[in-house]
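For reference, the structure is listed below as structure tokens.
Throughout, read-outs are computed from the coordinates displayed, never taken from laboratory work. For clarity, every value in this text was computed on a predicted model and none was experimentally measured. Reconstructed Cβ throughout: ideal geometry from the backbone, glycine too, with neighbour counts over all protein chains shown.
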Amino acid sequence: MNFQLSDEQAMLQNSVARYIKDQYNFDTRRKIISSQKGMSSELWTIFSELGWLSIPFSEDYGGYGGGNEDVAVIMEELGKGIVVEPFVPTVLLFGGLLSHCGNNIVAADLIPKIIEGSCQGAFAYLERQSRFEITDMKTKATPLEKGWSIDGSKSIVLNGSNATHIIVAARTSGGQHDSSGISLFMVDADSQGISILPYGMMDGHKAANIIFDGVNVSDDAILGSLDEGMSIVENIMPQVLIGLCAESVGIMSVLNDATIAYTKTRQQFGVPISSFQALQHRMVDNFMAAEQARSMVYRALCAFGDGSLEVENERMRSLHAMKIAVARSSKMIGEEAIQIHGGMGMTDELNIGHYVKRLMTINLMFGDGDYHQRKFNQISYCAA
Amino acid sequence: MNFQLSDEQAMLQNSVARYIKDQYNFDTRRKIISSQKGMSSELWTIFSELGWLSIPFSEDYGGYGGGNEDVAVIMEELGKGIVVEPFVPTVLLFGGLLSHCGNNIVAADLIPKIIEGSCQGAFAYLERQSRFEITDMKTKATPLEKGWSIDGSKSIVLNGSNATHIIVAARTSGGQHDSSGISLFMVDADSQGISILPYGMMDGHKAANIIFDGVNVSDDAILGSLDEGMSIVENIMPQVLIGLCAESVGIMSVLNDATIAYTKTRQQFGVPISSFQALQHRMVDNFMAAEQARSMVYRALCAFGDGSLEVENERMRSLHAMKIAVARSSKMIGEEAIQIHGGMGMTDELNIGHYVKRLMTINLMFGDGDYHQRKFNQISYCAA
Amino acid sequence: MDITFTKEDLAFRDEVRDFFATEYDSSVAGGLNLATISDGISYKEAIVTWQKKLYAKGWIAPSWPVEYGGAGWSITQKFIFETERGAAGIPAVIPFGLNMVAPVIYTFGNEEQKKRFLPRILSSDDWWCQGYSEPGAGSDLAALSTSADLVDGQYLVNGHKIWTSYAQYADWIFCLVRTSKETRKQQGISFLLIDMKTPGISVKPIVTIDGRHHLNEVMFEDVWVPLENLIGEQDKGWTYAKALLAHERTGMAEVADSKRAFSELKERAKHEVNGGRAMIDDPVFQMRMSDVETELMALEYTELRVLAAMAEGGTPGPESSLLKIKGTEITQSIQELQLQLAAYYGSGIPSDGQKDGYGHDFAEEARCGYLFGRAATIYGGSNEVQRNVIAKMVLGV
Amino acid sequence: MDITFTKEDLAFRDEVRDFFATEYDSSVAGGLNLATISDGISYKEAIVTWQKKLYAKGWIAPSWPVEYGGAGWSITQKFIFETERGAAGIPAVIPFGLNMVAPVIYTFGNEEQKKRFLPRILSSDDWWCQGYSEPGAGSDLAALSTSADLVDGQYLVNGHKIWTSYAQYADWIFCLVRTSKETRKQQGISFLLIDMKTPGISVKPIVTIDGRHHLNEVMFEDVWVPLENLIGEQDKGWTYAKALLAHERTGMAEVADSKRAFSELKERAKHEVNGGRAMIDDPVFQMRMSDVETELMALEYTELRVLAAMAEGGTPGPESSLLKIKGTEITQSIQELQLQLAAYYGSGIPSDGQKDGYGHDFAEEARCGYLFGRAATIYGGSNEVQRNVIAKMVLGV
């Protein structure tokens, strides 16, 4: 039994950490955010050169062949730098769907382009009414004589304004609330009938609302089987959620360290506020919350690890429990970081609020804590 | 607008407080609890002489004609002494049902006896399966040629072993879960077919499980209308709940005061533990919790006051909210009182644990916090 | 014990309700929605417009002594006014002039100061801001170091104030300044009124985590202030400021505003849907709502108890810290639930034209409310300091 | 990162599972149910009977060095053993001899002490208790004042120990005593083993709020203790005790026992009904359950991380305080939910014959568990002190 990184993982961690420390400071990030694109193409190219974009992809497509642990390693370090470049939408979401869709032609075409940094992807799934039940979907794909016509409106498509390719989820059968009957379509971002309304997120990332108005695609555009798109989405969720939660764990460690350091320098009533026991005990609670969240990421990694003995139910319980624990810990740590920093924590100028806003956003992605807790309850507790 | 006691109420408060301080210390109480009856008949007579037993009863029956506020005043002081004599079961429950049942003959017979201290009452309503939904009732009253035969088992009948008279709720129509179809019957405690199994409660009060095995009663034994017993119970609930919550408020003030006092004398690391800021802030939270609970009792008193403008819905919301707030505050204050007293708080010898156990018991009477919160939600929140 | 309303009270309630319904029209209301304004000036204009209407009605400063312009209301009337204001969704008046400096002026100022300043505060012709906090003196206010040296019969002020709300609009600032360096801390502090147009004053915006500009730094570089702008005696300013702090805290319960925010929350919970079910019908979200609502219902009566005790001739004691702590915690809890309702949509910051139909409809207000709302437990004496106050003054530990 | 099980691990798991199923029979199990016993002796007998079975199997002290009787297990095997023990509902061994004094003896004792004491600890022939706390020295242990004066080559012990678990059964007590009054606090404390049959020792029961007798006061009045019962050097006892404290705390996570308690909670929630619906189907009670269960799932891995780090040669650091804090908080939370399930029925204390059919069936265990369980955050270094330890040693504040 051990929780140590392999030598390769330690090297990866080291490389990402060092690059971000040296090249991705808070001012650099601020400039990137305020730019039109909201990301740095130069840095993206460097990420590619450093091999980061290849981590989760199969060696068949020129990838590094990494697993969930490698993804967790890189995401934790990206979290420590609150890097806004679209690693999640392009590599984990778009790339993940490609890896799992079973369509080798499309995958063989686009995954190498992701790895070399020339393809930006987005996944358009969320709609106004769906909230966290993403199968609550109105967007429809209607069969034409040849191909399909897609109509509908999608909300908060991450990387939607920079994407060259978009995977859009659309209903090909069933009613608005049915969990089956959804298919995934690959569309070029510049296809006729697509309107993209870009905007920033509070965490500095870029997103867009996207209207699909009679967008025509060929039959080849379908990823995986007709009506079975959600099973592909479910397959990528463990890696996506582990990656996001690892990012949160990285952020929480930065916030806790920064808060402790601040209390040692900030003077009140003639002494550093770190000497106030009430604050000390709260910082201990924050420390424990961060450790518990980290343990949950490890638990999910083990549950989805190759040699895991866990049955399916236990795997899903670990996945939901991770999201619950990360939501709980990061709400507390984020709010306490601001509170203990006092007025300074309220300013846009200090980095604290920016870390907190990324934590908040991650908590809301793919279901908040309450949502996952309900799912956890459903599979954990019943009288029968 | 004012929250001051009237002169009469202040006198009542003063009288109860002084008597309990002088005559009902912790050793006296300990002896009473360990006695066979679990109450002092001598003290009960004195309570009668002091007029306490007459407080809520109409002047028509020789009562003081007091209202909810007077009940709250006396109950808060009884709480401060954690008095175990059966004021709640005999005066508020049994006496309350008599006052509200509309049966003047029975009321005129028994209420004066309650006031003079010669009648002990009990209300048998709870059954094994009912938990907090007390209309979940299996006990049946079957009509005979003349009168009724009662069969069933009741749990935790307060004062059940000392009662001379018992009001028992039994189903006269409908199914086990129906909210109507329940009637109240007055039976003598020594009627044929009644088996009483007495025991102590963790708060030092006495209760009993009671089996009714073909207990025959006359038609006159029905209080109020046939099948409509629950409406009488609902009518007495505001006063009973206000009284119990006022008792809890009294207990919380004792616990908070005792805890603060203890921290000033207890030395650790060479200083009184009251100087530890982490403890100070927790004691402040306990202080605030007690004040909030007290405010809720005042709110319920105002809602059920004569001149109240509150509509029925707001009255019930205030009542549930009071029970919720008292449950929340007293759980925190009780647990913190033990924790801050440390090892001493764990001992049976110190009074702290006994106050806590009374708080715990009150929280469980007529529905715990979660139960009342569900009821509150039902009448407060709905989409329609 | 009595909170029943008399016939006069009910008539007063109707009058208040009518006034609000008539006078608080949409032009004012739109300008006061902090989450949707993009132009600071229109916010100030809306505030002043509304406050002048209250002034015209005689209701701008109901708590002042009647001789200076107060309304002479009973506690019940104040409760009614506040309740109706909250229910109508009308923000409280900007407190810096009306509730913070004015009581200092009419209690400790001289006749000339009263005549000069109070009328323009009442009429909202002067916008005031507060110069208390400094970079090294936050919750430990007495550590302030902005100096005012008496030179040729005038004060020469140098220093650096921070967290000053709406200094960008202000005509005047009231400051705590150090006039004696011999003594430490509370001694040697004076209470000074300073015209914001005085040369040497500069205002630097502080953008907060909600992305907006509420706060400022105010720098004083060789600013000359006439002696007549000193309140009371030199070196006694701490006493004057402190006398008003408890007063200030009682206003921080913000029960009426939280009730309004809560009823908006309920409305929104009816329309936000998850898996086809309205959030208000979700038993777990219901518990989260009633956790807060019951605390608020209790706080409403805790505040009434404090107000009633004050009406009996008491001054608000350190118990008022309870109102500040609980009030701000409840405000934040409601904001947290608003944000929870907004869900992932709350993370996006689209421009106006993009909001409708994509879930951002109310999300921006929820997000900005939550983020700027974190300040509530920091400012006005942080909740940690308030707990210290209760521990020392109420519990005696 | 690896917590997969090898074929050998799985075989070991089967062996453990079989052993527990066969040997932990109902006569032992009945005696160990603290909530239902009425006779202390049968509890002790049940414990000793069970521990002797573990001893015979060689599993009584798996963590000891192999040379003294340890099992030489890997972290994975220890995890498996603990998990199976918890799942089978078997209590942990009484720690005072096996986990508390024994490591002190085999680490700091001399050869003669090892030979004399360790075998009888392994075989459970000696029952040990712990003499650390005193009325004036609880969480501030170093303030202890029980004195041991060297007189004619023996220690003369006088003093007063308190909160001593199961002293009523004990053959031996290990004590921290003050051997030098010159120095203060940590210096001048020695570690002494004392035969409970020595004249001058008296044991006084402390009844706790659950109404039971777990704890005692132990009084020493002119008790003569031979010099050979001193561990290590005189005045160095604090060092020996402290070395073992972190070790003790890691055992306080009690994950396996909490998992067992939680699965019992789930079972009961299936059978407790409110308004016709099983409590386990109540969405609000489900949230309360998963609040705790997810904390427990995290703690299981936090403990594994600490154990894995120890296996790599580390000693448990102050992080082990986290295991104590979280472990006891989780234990208490489960007890609170048990009591919530028991509802009003949990308040009654009927005698055995009255329980069935009236709702008291499991209520007594729930009530006693909750009440005595409050001690978990007080003993073993209160959770407040553990937070101080983390603040100082881990956070460096």
**Study point:** FRET efficiency, 1/(1 + (r/R0)^6) with R0 22 Å, evaluated for D:T315 and D:R120 via beta carbons
**Key:** 0.20
Review point. Under the classification rounded if a/c is under 1.5, otherwise prolate if a/b is larger than b/c and oblate if not, where does the protein assembly as shown fall, given a ≥ b ≥ c as square roots of the Cα gyration tensor eigenvalues?
Key: rounded
Study note, to complete from the structure: Listing B:E42, C:E336, D:E134 by rising number of other beta-carbon atoms within 10 angstrom, fewest first, gives B:E42, C:E336, D:E134
Study note, to complete from the structure: Helix C:255-271: inclination vs chain C longest Cα principal axis, degrees, rounded to 10, gives 30
Study note, to complete from the structure: Residue-ordered couplings for region B:213-230, obtained by feeding phi - 60° into the Karplus form 6.51 cos²θ - 1.76 cosθ + 1.60 and rounding to whole Hz (Gly and Pro as x), are 10, x, 7, 8, 9, 7, 4, 5, 6, 6, 8, x, 8, 4, 6, 10, x, 5
**Study point:** Efficiency of FRET from Cβ geometry, A:T142 and A:S58, R₀ 35 Å, rounded to 0.05
**Key:** 0.55
Review point. Hey, fewest Cβ within 10 Å first, where do C:K185, D:K115 land in order?
Key: D:K115, C:K185
Check your understanding: What residues qualify as long-range amide H neighbours of D:M196, i.e. H under 5 Å apart, gap of 5 or more or another chain, H built at 1.01 Å from N?
Key -> D:W172, D:I173
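What shape does region D:128-235 have by the C-alpha gyration tensor, where a ≥ b ≥ c are the square roots of the eigenvalues, rounded means a/c under 1.5, and otherwise prolate means a/b greater than b/c and oblate the rest?
Taking the square roots of the gyration eigenvalues as a ≥ b ≥ c, region D:128-235 is oblate.
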Review point. Once you sort the root eigenvalues of the Cα gyration tensor of chain A as a ≥ b ≥ c, which label holds: rounded (a/c under 1.5), prolate (a/b larger than b/c) or oblate (the other case)?
Key: prolate
Practice item. Using only Cα atoms, find the angle between the long axis of helix C:7-23 and the longest principal axis of chain C, and express it within 0 to 90 degrees, rounded to the nearest 10. Key: 90
Exercise for review: Using Cα pairs closer than 8 Å and at least 6 residues apart in sequence, work out the relative contact order for region C:7-93, in percent.
Suggested key: 29
Review point. Tell me, what ³J(HN,Hα) does each residue in region D:320-327 have, in order and in whole Hz, if you take phi through Karplus 6.51 cos²θ - 1.76 cosθ + 1.60 with θ = phi - 60° and put x for Gly and Pro?
Key: 4, 4, 4, 4, 5, 4, 5, x
**Study point:** Axis-proximal residue, chain C, for the rotation superposing C on D (Cβ, Å)
**Key:** C:P283, 2
Check your understanding: For chain B, modelled as a Gaussian network with Cα springs under 10 Å, which listed residue fluctuates most, B:V106, B:V356, B:V84?
Key -> B:V106
**Study point:** Two-site label geometry, D:V207 and C:S145: point separation in nm, points 7 Å out along Cα→Cβ
**Key:** 6.4
Point to revise | For chain C, built as a Gaussian network whose Cα springs stay under 10 Å, the top-fluctuating residue of C:V218, C:V255, C:V284 | key: C:V284
Revision key, fill the gap. With label points set 7 Å from each Cα along the Cα-to-Cβ direction at B:K264 and B:D188, the distance between them in nm comes to 5.7
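Going by C-beta contacts inside 10 Å, put A:D257, B:D306 in order with the fewest on the left.
B:D306, A:D257
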Review point. At what distance in angstrom do the alpha carbon centres of region B:131-171 and region A:162-185 lie from each other?
Key: 61
Check your understanding: Of D:K114/D:K242; A:K375/D:K259; C:K115/C:K259; D:K52/D:K114; B:K264/D:K259, which sit over 31 Å apart, Cα to Cα?
Key -> C:K115/C:K259; B:K264/D:K259
Check your understanding: Using a label position 7 Å from Cα in the Cα→Cβ direction, what is the ascending list of nm distances from C:P283 to the same site in the other copies?
Key -> 0.8
Check your understanding: Can you give the helix-only mean residue ellipticity at 222 nm for chain A, where every DSSP H stretch with n ≥ 4 adds -39500 (n - 2.57) and the sum goes over all residues, rounded to the nearest 500 deg cm²/dmol?
Key -> -16000 deg cm²/dmol
Study note, to complete from the structure: Once amide hydrogens are built 1.01 Å from N within the peptide plane, the residues lying 5 or more places from A:N216 or on another chain with amide H under 5 Å from its amide H are A:I150
Check your understanding: Taking the Cα-to-Cβ direction at A:A383 and at D:E267 and moving 7 Å from each Cα, how far apart do the two end points lie in nm?
Key -> 1.9
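Normalised by the number of residues in region A:131-222, what is the relative contact order in percent for Cα pairs under 8 Å and 6+ residues apart?
36
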Practice item. Using θ = phi - 60° and the Karplus relation 6.51 cos²θ - 1.76 cosθ + 1.60, list the HN-Hα couplings for region D:207-220 in order, rounded to whole Hz, with x at every Gly or Pro. Key: 7, 9, 5, 7, x, 10, 10, 9, 10, 8, 9, 10, 9, 10
Exercise for review: Kindly give the distances from D:T315 to its copy-mates, label point to label point, with each label point 7 Å from Cα along Cα→Cβ, as nm values to one decimal ordered shortest first.
Suggested key: 5.9
Exercise for review: Would you mind listing the distances between the B:M11 label point and the same position in each other copy? Use 7 Å along Cα-to-C-beta, nm, one decimal, shortest first.
Suggested key: 9.3
Practice item. Please give the average number of partner chain Cβ atoms lying within 10 Å of the Cβ of each residue in B:190-200, rounded to a whole number. Key: 2
**Study point:** region C:345-397, relative contact order [Cα under 8 Å, separation at least 6], %
**Key:** 27
Check your understanding: Add -39500 (n - 2.57) for each DSSP H run of 4 or more in chain D, then divide by its residues: what number comes out at 222 nm, to the nearest 500 deg cm²/dmol?
Key -> -14500 deg cm²/dmol
Exercise for review: Report, in degrees rounded to the nearest 10, the 0 to 90 angle that the Cα long axis of helix B:104-116 makes with the longest principal axis of chain B.
Suggested key: 40
Point to revise | Of A:T265, A:T135, A:T45, the one that fluctuates the most in a GNM where chain A has Cα springs shorter than 10 Å | key: A:T265
